[in-house]
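What follows is one structure encoded as structure tokens, with my remarks underneath.
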Amino acid sequence: SNVSRQVIEKNTKAHRPSNPKKEGYVFDGWYKDRDYLEPFSFSEKIVEDITLYAKWAPVSNIVTFETNGGTKIEYISVNTGETLEEVAAPVRKGYDFLGWYIDEEFTTKYDFNKAVEESFTLYAKWDAHKYVVSFNSNGGTATDSLEVYHNEKVSKPVDPLRKGYQLEGWYIDKELTIKYDFDSVVENSMILYAKWETAYFTVEFESFGGTLVSTQKVEYGK
């Protein structure tokens, strides 16, 4: 059956149309190529004109799996009236698998005891790991730990204070050789270590009409 073309703005997502129908076949997804080597995901943003090709499978119900970033699971053919056997859970680094759902919004979990009557797609739901980022201020005032989800950035804390010193930065090792980049994403719990530099102060001289006296930069305590 005919599927209308879509006109969308650049860098937006296409809308998933209703599955087309073809007598004697079941719809098996949209692909970017005629050889069905590269499946299309409706989570992709469109940057240019594109033609999608419908893939068809002989009559029987096709259950496809959208793993949403997890390891790929091949589609399964199930006869009408039979039940779908539970498949091995996909794997995704930094996430826990929460089950298969019949909708992209994850409102209804799939019942594997229910008889299959048509082809459909199951969607994997994930829960991101939560990591603890601790701060060792190395003699400075205490800095509270932060909880960060997998692949998110940790917010740079307010600089701690240490008498006679100024904070140079946070490092990922005790030896203070590798500076932490707060623009990077977190993939595990960690401790960041404060590196300090001796504080210097500027002393200026007001000669009240006398000759100019240069300012001095003096190390703390000297």
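Observations
- Against the conditions (1) surrounded by 16 or more Cβ atoms within 10 Å (Cβ to Cβ); (2) not in a loop (DSSP other than H, G, I, E, B), A89 satisfies every one except (2).
- Qualifying residues in the range 116-131 (those that are part of a strand (DSSP E or B), aliphatic (A, V, I, L, M) and in contact with a strand residue (DSSP E or B) (Cβ under 6 Å, 6 or more places away or on another chain)) - the one surrounded by the fewest Cβ atoms within 10 Å (Cβ to Cβ): A128
- On the stretch given as the range 100-115, residues that are open to solvent by less than 50 Å² (accessible area, probe 1.4 Å) and more than 21 Å from F42 (Cβ to Cβ) total 2.
- Count of the range 183-220 residues which are in contact with a strand residue (DSSP E or B) (Cβ under 8 Å, 6 or more places away or on another chain) and open to solvent by less than 70 Å² (accessible area, probe 1.4 Å): 13
The values are calculated or read from the model by the stated rules, or taken from the named source; none is laboratory data. Remember, it's a predicted structure, so these values are computed and weren't measured experimentally. Cβ: placed from backbone, ideal geometry, glycine included. Neighbour counts: every protein chain shown. Note: accessible area is taken over every heavy atom of the protein model, side chains too, but ligands, DNA and RNA are not part of it. Shrake-Rupley method; radii C 1.70, N 1.55, O 1.52, S 1.80 Å.
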